[in-house]
Amino acid sequence: MNYLNTGILVLAAYLAAYLASCQTPLNQWLGVQIDLRPALMVYCGLRTEWTTLSLVAVLGGLWFDGLSANRLGISILPLFVIAFLVHLNRGLILREQHYAQFVLGTAASAASPALTILLMVGVGQMPLIGWGSIWQWLIMALVGGSLTPALFWLLERFSKAFAYPPVSETSFRPDREIKRGRV
Amino acid sequence: MAVVLLVLAVLSLPIQTATQLKLALGGFFLPLIGLTSSSRTVARQAESAVVPRRMLLDHIDDLKRENERLRLQLMQSNLVWQENLNLRQALGWKQQTPWDLRLARVTLRDPANWWRTIQIDLGQRDGVVTNLAVMTSEGLVGKIDRVGLWSSQVVLIGDPNCRVSAVVEDEKSQDGGIIQADSSSILDPSIVELTFLGGQSAAKPGALVVTSGQGGVFPKGIPIGKVIETRNVGFGMSTEARVKLSANFKHLEYVWVKFP
């Protein structure tokens, strides 16, 4: 993971915050604003180190709250917690499997708004929630989960494009070389 | 640990500092907003290039007719306006001034599903200040909540932070109440609740709801919506009504900001 990859993830967080506030036909049809930042945090938790995932959580949260009526900084902690938990258990997760990516993306997309609302209520903000919020929550989780494998695929492509190519190993071993002729 | 400390520090910032910081963060998105706007313009130009000439001519014809009809209405309105001015002068009433409205484009919506706000492309440089009324030609939309240099945030009717003093226009009486968010219609932003109506309220489905002018934020008489149902609450002590908003909140592209 080099600086360019970190830059790409920060750029992805920026675009995710912007896309969440755009009015797209999908948003209008579903009646829900789709947030890709939890899926991005799953990727960061699995693929990056502490500094990168912290940076993406902080900037993603600040940009999102900057466009929203949320209290500034309220959505940083849920994103960080998601990435933190995934990072702690990354050795146990089959990260290459699309199914695992979907499950993690769904869980993260469900946990992020729930934790944010809990925090908001904790600091005294009263958001608009009712029975319809359950529908919004389910759709956010499912769409977020469905888009996670696609996000992984895209970010992997970028990661490979900006990473140094792996050194190819040859099967030649000098200690096993058969010396011909007289020694 | 550093992230937690940072969050605590940001959350404990004074409201004014946090608002300034939010506006600065919102400024990061200006290039993307500009890019989106330009790409839309290009797409529209491309679309107009492929639309058949016949269709365009028909469209121009329709617009000409509508323009004529509107000119006629404007002429009638001017006559009524002049008559109103003369009568006010005769009675010694305070003269009314026409509304100073400015058109704004809706650039972004609130990314969180639990707030109802939008961003518009008018800001401090255009003279926008907080608490200005925002409307469409159909009715009231909300008020300016936060003002940046280039853009502003509008809190829409139906958001928990936007309450509007309203009256139900009826032939017999004018019942006053407060328009506020309706948590039972989260999926339909065009439904709000009108609370604190009197117990014997004459509000009936279909009645027009307009701003009362009380509170000093919204001028009197701006249409808000129509009553769709009423119910008695508190053992008949008061009445609540569900109101369908006149403005189409699902397709807000342009709004008018009313300057004082």
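The residues in region B:5-16 that are assigned to a helix (DSSP H, G or I) and either small (Gly, Ala, Ser) or within 7 Å of chain A (Cβ to nearest Cβ) (or both) can be counted, and the count is 5.
Exactly one residue out of B:Gly142, B:Gly127, B:Gly92 is under 26 Å from A:Trp63 (Cα atoms), open to solvent by 10 Å² or more (accessible area, probe 1.4 Å) and either in contact with a helix residue (DSSP H, G or I) (Cβ under 9 Å, 6 or more places away or on another chain) or more than 11 Å from every other protein chain (Cβ to nearest Cβ) (or both): that is B:Gly127. A Cβ distance below 8 Å, combined with a sequence gap of six or more or placement on separate chains, defines the contacts here; from region B:76-97, residues that are outside any helix (DSSP H, G or I) reach residues that are of a type in the set (S, T, N, Q) in the pairs B:Gln95/B:Gln89; B:Gln96/B:Asn84. Scanning region B:177-223 for residues that are open to solvent by 30 Å² or more (accessible area, probe 1.4 Å) and part of a strand (DSSP E or B) turns up B:Ile178, B:Gln180, B:Phe196, B:Gly198, B:Leu208, B:Pro223.
For every residue, the table says whether it meets (1) within 14 Å of another protein chain (Cβ to nearest Cβ); (2) without any contact (Cβ under 8 Å) to a residue 24 or more places away in the chain; (3) open to solvent by 20 Å² or more (accessible area, probe 1.4 Å); (4) not charged (D, E, K, R).
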site	(1), (2), (3), (4)
A:Ser112	yes, no, no, yes
A:Ile117	yes, yes, yes, yes
A:Thr148	no, no, no, yes
A:Leu155	no, no, no, yes
A:Phe162	no, no, yes, yes
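One residue stands out among those in region A:11-66 that are in a helix (DSSP H, G or I), among the β-branched types (Val, Ile, Thr) and free of Cβ contacts under 8 Å to residues at least 60 places away in the same chain: the one that is nearest to the other protein chains (Cβ to nearest Cβ), which is A:Val58.
The residues listed here are A:Ile134, A:Ile76; of these, the one that is open to solvent by 10 Å² or more (accessible area, probe 1.4 Å) and without any contact (Cβ under 8 Å) to a residue 60 or more places away in the chain is A:Ile134. Confirm whether B:Lys226 is in contact with a strand residue (DSSP E or B) (Cβ under 7 Å, 6 or more places away or on another chain) and open to solvent by 70 Å² or more (accessible area, probe 1.4 Å). Yes; evaluated as a whole, the condition is true for this residue. Within region B:234-250, the set of residues being within 14 Å of chain A (Cβ to nearest Cβ), closer than 20 Å to B:Arg109 by Cβ and either in a strand (DSSP E or B) or open to solvent by 50 Å² or more (accessible area, probe 1.4 Å) (or both) comprises B:Asn248, B:Lys250. Among the conditions (1) without any contact (Cβ under 8 Å) to a residue 60 or more places away in the chain; (2) assigned to a helix (DSSP H, G or I); (3) under 14 Å from A:Phe152 (Cα atoms), A:Leu104 misses just one, which is (1).
The values are calculated or read from the model by the stated rules, or taken from the named source; none is laboratory data. Everything numeric in this text was worked out from a predicted model, so none of it was measured. All Cβ positions, glycine included, derive from the backbone under ideal geometry; neighbour counts span all protein chains shown. Each accessible area value is taken on the protein alone, full model and side chains, heavy atoms only, with ligands, DNA and RNA left out. Shrake-Rupley method; radii C 1.70, N 1.55, O 1.52, S 1.80 Å.
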